[in-house]
Amino acid sequence: MRHRAAPLALSALLLAAGCTSSGGGADGGDAEPAKAATAAPGERLTVVADAEPVAAAVSASRALFEESGVAVVAPAGDTAATLLASSAAVGLGVPLLLDPEGEGSDDAVATELDRLGAGTVLAVGTETAPGDAEVVSVPATADAVAAATGLDLADADPVPAGGEAAAVAALEPDAPAALRPEDAGEPAGGEASGEPAGGEASGELPEVERGEPLETTVVLADGDPAALAGVATARAAGARVHVTEGQADPRSSGDVVEAVAGADTVVALGAAFGAEEGLDWKLETAATGTQLPGGGQLLFPEHFMVALYGHPGTASLGVLGEQDVQASIQRARDHAAPYEALVPDATVVPSFEIIATVASAFPTDGNDYSFETPVDELRPWVEAAGAAGLYVVIDLQPGRADFVSQAELYRPLLELPYVGLALDPEWRLAPNEVHLTQIGSVGIEEVNRVVTWLADLTREKRLPQKLLVLHQFRVDMIPDRAQVDLSRDELAVMVHVDGQGSQPAKQDTWRVLQGVGPQGLNWGWKNFYDEDVPMLTPEETIAQVSPRPQLITYQ
C-alpha cells in the first residue's frame, strides 16, 4: 500500500464552495477523473449470501461494479467508521469494502481492489488498506470525511442499533447524510473511534466519474449487519435497495413485490436468502406484481380473514345466500369491520367461502351425490368479490367423487390470484355411503394429492400463496392428519374447526383438534348464528379462542 501526504487545501475549498460530488484532484482538477463503471448482474437473480461481512462486501462489489478507480475501505466491526464510509461510498459512487484486521492484509479485498482497478483507496477510521493502491486515510469523523471527499456532510444523523441497513439503504447519492451510531456522540465517530473531531487526511482523492445508475436492478437486503457494506455499494451503484427485516421470501411484502415487479435483475443480499428454499420461483412469482387482498403475496400472519359461508341464492346453506352479491359483499365488510380494532397486527380481509359442489341426499349425475355448480354461475360472484377486495374460497362437498377431480372442475376460478380452496370431509362419502346417514371422511393420501395439485397450479401460474382449508370437527374425519404435507410454500394449509353448539363443547373440539398436529398449520373458527349457544361476539371470539385463528367464518 502507498500513502500520499498532500495537503487538504483543494478539498477544503470544494467543501466551502458547497461541492457535493467528489473530492478534487491534487493538481487542481487537471488530472483525469477516476472512472467508476457499474454493471448489472448477468443473471435474473444473484444471491450474495456470505455470512461474513468482509466476504459479503467483496461479493456485492463484484456483482455491481465493473471497475472503480477509487474505492472506500473501513475496518470490519467498527460500526461508526462503516456508517461514515457508507456515506462516502454512496456520495462518490464507488464500492465499499471492509478490512478484517484493520492492518491492510486481506488477500480477498486486495484482489477485489485490483479487479476494480482502484488506484486510490479512501480508508475511513484506519490508516491502511489491502493491496498496492495509494491510501488516503481519514479519521472516522464527519468533518474529516467531508473534507477529504468534498461531500456536504455537515450534520450527522443518528442511527439506532439494528437500523443500520435501513439507514444506508435510504442514502441518496446526490446528497448523502453523515451517519453515526445513535450512542456514538458528536461528532460522528469521533469518540467511538478514538479520533479527534475533524482531523486531516493523509492525502487527496481524485475526482470520481460516476457510473451509470443501475435503475432497473433491485437489491433485497435481509437487514443483517453483515451485509451493511454491500448495501452501501448497491446505493453507490444506483440500485434500489429494499430492506426486508429478516424476511427472505420476496412475496412477503407488498413493497418488495412492487419493487421486483419493475426490476430487470435482483440481487438478494444476506445469509437469510441463501437459506431460503425456492427463492428463484418465489422471486418470479413476486415479479408478477400481483398482490392478495390486503397486500403482499403471503397469507399469514399478515392477514386475518372474516368470511361469509354459503351458496349463492340458497339461504338455507348459509348467510352468503341470504342476499345478492353486492349486499353479500357489504355484509362481509360489516362482519369484518369490528375485528380491525381487535387484530391490530394484521390486515383484516373480508371474504367469501362459496359452496361450489353441494352435497345431495339423492343420486346425481354420475351417482356421486354431489351437485356441481357450473363455473359460469359462480364466476360473477367470485369476480365481483375480487374486484371489491375480498378473498374467495371455493368449497367442495364431493359426495362419492374425489376432491382432486372436483377441484379440477374449478381450475378457471382457482387460477385467479384471490381464490383458495376448501375441502369438506364431512361430505366425502365412501362408495356405498349416503349423506345424513354417515359422516364422511377423507384419507390423508387424497388430501396430499390436493396439496400437490393446487401447489403445482399456483407455481405454474405464478400466483400469490393460496389458502387450502380442511374442514374438520371430528378427528376421524381426516385420519392421519399429522401427515399432511406442509412442505409446499405455495400454500397456506388451514384446519377449520366446524364444531357447533355450546361454547364449552366447541372449546373441547378446538382443544382436541389442536392436539393432533402437525406443527405449522393455520387455524380457522366458525361462528354459527342458529346452532351456537350462544354465538360469540367478535370481542369474545378474539378473547376466548386461543391460539387466535387466522380465519373466522360466519354461517
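The values are calculated or read from the model by the stated rules, or taken from the named source; none is laboratory data. Every value quoted in this text rests on a predicted model; they were computed, and no experiment measured them. Virtual Cβ from ideal backbone geometry, glycine too; neighbours counted across all protein chains shown.
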Worksheet item: Conditions: (1) in contact with a strand residue (DSSP E or B) (Cβ under 8 Å, 6 or more places away or on another chain); (2) part of a loop (DSSP other than H, G, I, E, B). Leu463 meets all but one. Number of the miss?
Response: (1)
Worksheet, complete the sentence: Per the list (1) farther than 23 Å from Asp174 by Cβ; (2) at pLDDT below 85; (3) in contact with a Pro (Cβ under 6 Å, 6 or more places away or on another chain), residue check on Gly25 breaks on (1)
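So, in the range 429-460, exactly how many residues are over 24 Å from Trp381 (Cβ atoms), touching a helix residue (DSSP H, G or I) at 6+ places or on another chain (Cβ under 7 Å) and not in a loop (DSSP other than H, G, I, E, B)?
Step one: of the range 429-460, the residues over 24 Å from Trp381 (Cβ atoms) are 429-449, 451-452, 455-456, 459-460.
Checking which are touching a helix residue (DSSP H, G or I) at 6+ places or on another chain (Cβ under 7 Å) leaves us with 435, 439-442, 444, 446, 449, 459.
The next check asks that each one be not in a loop (DSSP other than H, G, I, E, B); those that pass are 435, 444, 446, 449, 459.
Summing the residues that are over 24 Å from Trp381 (Cβ atoms), touching a helix residue (DSSP H, G or I) at 6+ places or on another chain (Cβ under 7 Å) and not in a loop (DSSP other than H, G, I, E, B) in the range 429-460 gives 5.
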Worksheet, complete the sentence: When every residue in the range 333-369 that is hydroxyl-bearing (Ser, Thr, Tyr) and at pLDDT 95 or above is compared, the one surrounded by the fewest Cβ atoms within 10 Å (Cβ to Cβ) is Thr347
Item to complete: Identify the residue in the range 356-410 that is under 35 Å from the mean Cα position of the chain (by Cα) and among the aromatic types (Phe, Trp, Tyr) and, among all such residues, is farthest from Ser328 (Cα to Cα).
Response: Phe403
Discussion item. For the range 379-424, give me each residue that is closer than 27 Å to Val497 by Cβ and among the charged types (D, E, K, R).
Written reply: Asp395, Arg400, Asp402, Asp424
Response to the item:
Residue hits (the range 224-252; surrounded by 22 or more Cβ atoms within 10 Å (Cβ to Cβ) and not in a helix (DSSP H, G or I)) are Ala237, Ala239, Val241, Val243, Thr244, Asp249, Pro250, Arg251
Fill in: Failed criterion for Gln323 (all others in (1) assigned by TED's automatic domain parsing to the domain that holds Pro431; (2) over 29 Å from Asn448 (Cα atoms) hold)
(1)
Discussion item. Looking for something at pLDDT 95 or above, within 21 Å of Thr149 (Cβ to Cβ) and not acidic (Asp, Glu) - is there at least one such residue anywhere in the range 247-258?
Written reply: no
Fill in: Members of the range 253-302 that are touching a Phe, Trp or Tyr at 6+ places or on another chain (Cβ under 8 Å) and assigned by TED's automatic domain parsing to the domain that holds His242
Leu279
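Out of all the residues in the range 511-549, which are of a type in the set (Val, Ile, Thr) and over 14 Å from His496 (Cα atoms)? Give the derivation first.
Our first condition is that a residue be of a type in the set (Val, Ile, Thr); within the range 511-549, this holds for 512, 516, 533, 537, 541-542, 545.
Answer for the range 511-549, where residues must be of a type in the set (Val, Ile, Thr) and over 14 Å from His496 (Cα atoms): Val533, Thr537, Thr541, Ile542.
Residue-wise test of (1) farther than 15 Å from Leu470 by Cβ; (2) of a type in the set (Phe, Trp, Tyr).
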residue: Phe403; (1), (2): no, yes
residue: Arg428; (1), (2): no, no
residue: Leu436; (1), (2): yes, no
residue: Asn448; (1), (2): no, no
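Here is a check on your reading of the model: is Val533 surrounded by fewer than 19 Cβ atoms within 10 Å (Cβ to Cβ), touching a Ser or Thr at 6+ places or on another chain (Cβ under 8 Å) and not polar (S, T, N, Q)?
When the stated conditions are applied, Val533 passes them.
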Discussion item. Quick check on my filter: what residues within the range 504-549 are over 29 Å from Asp480 (Cβ atoms) and assigned to a helix (DSSP H, G or I)?
Written reply: Pro538, Glu539, Glu540, Thr541, Ile542, Ala543, Gln544
Practice prompt. Could you tell me which numbered condition Gly117 fails, if it satisfies all but one of (1) surrounded by fewer than 24 Cβ atoms within 10 Å (Cβ to Cβ); (2) over 10 Å from Val70 (Cα atoms)?
Written response: (2)
Discussion item. Show the residue pairs meeting these rules: Cβ distance below 7 Å; 6+ apart or different chains; first residue within the range 152-164 and surrounded by fewer than 16 Cβ atoms within 10 Å (Cβ to Cβ); second residue part of a strand (DSSP E or B) and hydrophobic (A, V, I, L, M, F, W, C).
Written reply: Asp155/Ala178
Item to complete: Return the residue satisfying two criteria in turn: it lies in the range 317-348 and is in contact (Cβ under 8 Å) with a residue 60 or more places away in the chain and assigned to a helix (DSSP H, G or I), and of such residues it is farthest from Pro538 (Cα to Cα).
Response: Val325
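Restricting attention to the range 28-42, and to residues there that are touching a strand residue (DSSP E or B) at 6+ places or on another chain (Cβ under 7 Å) and assigned to a loop (DSSP other than H, G, I, E, B), which single residue is modelled with the lowest pLDDT?
Here is the first cut: in the range 28-42, the ones touching a strand residue (DSSP E or B) at 6+ places or on another chain (Cβ under 7 Å) are 33-41.
Subset that is assigned to a loop (DSSP other than H, G, I, E, B): 33, 39-41.
Numbers: Pro33: 90, Ala39: 96, Ala40: 96, Pro41: 96.
The selected residue is Pro33.
Every residue in the range 58-98 that is part of a strand (DSSP E or B) and hydrophobic (A, V, I, L, M, F, W, C), please. Don't jump to the end; show me each part of the working.
Our first condition is that a residue be part of a strand (DSSP E or B); within the range 58-98, this holds for 65-68, 70-75, 96-98.
Once the filter is applied, which keeps residues that are part of a strand (DSSP E or B) and hydrophobic (A, V, I, L, M, F, W, C), the range 58-98 yields Phe65, Val70, Ala71, Val72, Val73, Ala74, Leu96, Leu97, Leu98.
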Discussion item. Please go through the range 426-437 and give me each residue that is closer than 17 Å to Gly499 by Cα and more than 37 Å from the chain's Cα centre (by Cα), ordered by number.
Written reply: Trp427, Leu436
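Among the residues of the range 466-480, count how many are of a type outside the set (A, V, I, L, M, F, W, C) and either assigned to a strand (DSSP E or B) or under 19 Å from Ala407 (Cα atoms) (or both).
Just the residues of the range 466-480 that are of a type outside the set (A, V, I, L, M, F, W, C), to begin with: 466, 471-472, 474, 476, 479-480.
Then keep just the ones that are either assigned to a strand (DSSP E or B) or under 19 Å from Ala407 (Cα atoms) (or both); that gives 466, 471-472.
Number of matching residues: 3.
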Item to complete: Name every residue in the range 458-474 that is buried (at least 16 other Cβ atoms within 10 Å of the Cβ) and under 18 Å from Met494 (Cα atoms), in order of residue number.
Response: Thr458, Pro464, Gln465, Lys466, Leu467, Leu468, Val469, Leu470, His471, Gln472, Phe473
